[in-house]
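Here's the structure, in structure tokens; my notes come after.
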Amino acid sequence: MRILIAGGGPAGLTLAACLHKHGIDSVVVEKGPKGRTGGYSIGLHLNGWNVAERLGLIDAFRAQAMPLGPALHRDSQGRKLFSYDYRTLAKASGGRMLAVMRDRFQDIMTRHVETEVDIRYETTVAAIDDDGAGVDVTFSDGSMERFDLVVGADGYRSNLRSLVFGPHEAFLRPLGYRASAWRITLDAPLGASFVGMMDVDHQGGLYDIGDGHAATLFCWRDDRSDRLSSEERRQVLAQEFGGWPEPVRSALKASIDWDTAFFDTVCQIEMPKWAKGRVVLLGDSAWCLTFLAGQGTSTAMAGAHILAAELARKPYAEAFEAYEARLRPLVEKMQAVSRKIGGHYIPQSRFGMRLQAWVLPVLLSKPFARLAARQFSAPELDLDL
Ligand SMILES: Cc1cc2nc3c(=O)[nH]c(=O)nc-3n(C[C@H](O)[C@H](O)[C@H](O)COP(=O)(O)OP(=O)(O)OC[C@H]3O[C@@H](n4cnc5c(N)ncnc54)[C@H](O)[C@@H]3O)c2cc1C
């Protein structure tokens with residue numbers, strides 16, 4: 001069996017690694033160039049951790065993990081609201097939690113698979129024809145190849161999904177926010193693992209990623225979903241967060257590489273089915289949980305592990321069914337969590353801000369952290385198929 005994977009992100013590369021473990025060949029086509037740097041921070045939680053352990057990669061991820069320590073939250077005038085410690089949360093999660101920059105994640109996974117898997121960079125799928133016995137694929141360079149199966153792992157604005165399942169609008173569910181994230185060089189130490197600031201309808205913050213750098217994450221209430229130029233993005237960020245004190249002020253002044261930075265509407269993907277014929281979707285392209293759930297990477301990795309294991313032991317149509325049946329309950333739970341969290345994370349009023357300042361430190365303190373971790377994290381999937 002030979003499988004084409006469109007998209008070399010967390011879902012695609014993990015799938016290539018898991019398929020290889022089962023002796024199944026795959027080709028990965030990735031739109032971006034090799035060794036792309038920058039991006040934002042992503043978390044490895046229970047299910048992702050378990051997959052990384054099975055791939056023998058947990059030490060590599062640990063070595064690249066961002067420092068965990070205190071998180072300080074202020075209002076948009078710089079006045080302290082509350083604080084907590086990420087280490088308490090990590091402990092409450094049984095120690096199986098870490099955060100890593102996306103480019104380092106990509107680097108670890110790429111090194112793990114590149115000698116065994118054919119990865120083609122700056123390549124996309126231009127056309128696809130599933131004739132029932134196989135799938136003919138035309139690539140962006142004009143070349144054609146036939147595969148047994150095709151997996152779309154090309155993110156929430158999936159090109160493969162639109163070629164096979166229909167236009168984006170049919171599946172994108174905007175949550176009413178926009179978000180932006182990029183990397184900066186720090187002028188002065190942050191003094192904490194995370195410094196967050198908030199105002200009504202706004203949340204912004206910087207994560208210390210070590211070596212004098214920080215990863216930013218800004219989110220604000222905004223119903224529009226039009227695509228903006230770099231200049232327009234800058235203007236929107238200045239309009240929404242201009243006037244906020246350090247460290248936000250410096251983050252807004254820094255130069256931003258928009259090839260790797262994130263700026264988009266926060267959208268979930270809702271699909272009645274993840275497979276059609278010999279094509280199946282995986283990760284954000286199938287279910288995007290959004291960063292509000294904090295589980296997108298881990299769920300993509302767990303999905304890859306399960307899909308590979310099912311394909312190794314069942315005919316493809318049964319494998320697709322089994323994969324979806326095992327993943328869908330978790331996905332629907334985490335999409336609901338993400339919608340719920342959004343309404344609190346981006347406070348809707350001064351009262352909402354005060355409530356958050358009161359509730360979060362209690363919820364994330366030692367006596368309650370385990371309960372909070374259980375409430376908001378994804379249930380552990382059985383990966384021993
Ligand atoms: C700002 C931000 C913060 C986040 N924080 C967290 C977090 O803390 N924890 C967490 O678990 N998750 C987080 N997430 C979510 C997480 O990044 C995603 O859930 C995860 O990356 C999904 O992986 P994926 O491989 O399915 O999709 P993606 O990460 O989107 O990867 C898709 C890949 O496909 C490539 N591609 C795109 N189009 C094509 C094409 N036409 N052909 C070929 N290749 C293509 C892309 O270049 C990319 O490499 C965050 C997301 C954002 C935006």
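Results, tabulated for the structure shown:
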| read-out | value |
| --- | --- |
| Accessible area per residue, Å², the chain with all protein chains present, probe 1.4 Å | 43 |
| Relative counts (whole %) of C-alpha pair distances in region 243-301, using bins that are 5 Å wide | 4, 14, 16, 16, 16, 12, 10, 5, 4, 2, 1 |
| Helix axis angle, 296-313 relative to the chain longest principal axis, alpha carbon, degrees | 20 |
| Summed side-chain charge close to Ala63 - residues other than Ala63 whose Cβ falls under 12 Å, Lys, Arg +1, Asp, Glu -1 | 0 |
| D (Stokes-Einstein, µm²/s), Kirkwood Cα radius, region 70-133, 1.306 mPa s at 10 °C | 93 |
| Semi-axis lengths, Å, the chain, gyration tensor of Cα atoms, sqrt of 5 times eigenvalues | 35, 22, 20 |
| Within the chain, longest stretch free of exposed trypsin sites (Lys or Arg not before Pro) [DSSP loop, at most 14 other beta carbons within 10 Å] | 80-223 |
| Region 336-377 shape via C-alpha gyration tensor axes, a/c threshold 1.5 | oblate |
| Estimated D of region 266-364 in µm² per second, where Rh is the Kirkwood radius over Cα pairs and Stokes-Einstein applies at 20 °C, 1.002 mPa s | 142 |
| The chain: angle of helix 316-345 to the longest principal axis, Cα-based, in degrees nearest 10 | 10 |
| Restraint check, Lys273/Lys340; Lys31/Lys314; Lys276/Lys333; Lys31/Lys91; Lys31/Lys276; Lys21/Lys91, Cα-Cα greater than 26 Å | Lys31/Lys314; Lys31/Lys91; Lys21/Lys91 |
| Equivalent ellipsoid dimensions for region 175-264 as semi-axes, Å, which come from the Cα gyration tensor, largest first | 21, 15, 11 |
| For region 183-319, Kirkwood radius (reciprocal of mean inverse C-alpha pair distance, Å) | 17.7 |
| Average silhouette area of region 1-127, convex hull of alpha-carbon atoms, in square nanometres | 10.3 |
| Apportionment of accessible area to carbon and sulfur, the chain, percent (1.4 Å) | 51 |
| Rg and Dmax [Cα atoms of region 1-49; Å; Rg one decimal, Dmax integer] | 12.5, 35 |
| Region 108-261: radius of gyration over Cα atoms, expressed as a fraction of 2.2 N^0.38 Å | 1.37 |
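The values are calculated or read from the model by the stated rules, or taken from the named source; none is laboratory data. These figures come from a predicted structure and were not determined experimentally. Neighbour counts are summed over all protein chains in view; Cβ atoms, including those assigned to glycine, are modelled from backbone coordinates with ideal geometry. Surface accessibility is based on the protein's heavy atoms, side chains included, excluding ligands, DNA and RNA. Shrake-Rupley method; radii C 1.70, N 1.55, O 1.52, S 1.80 Å.
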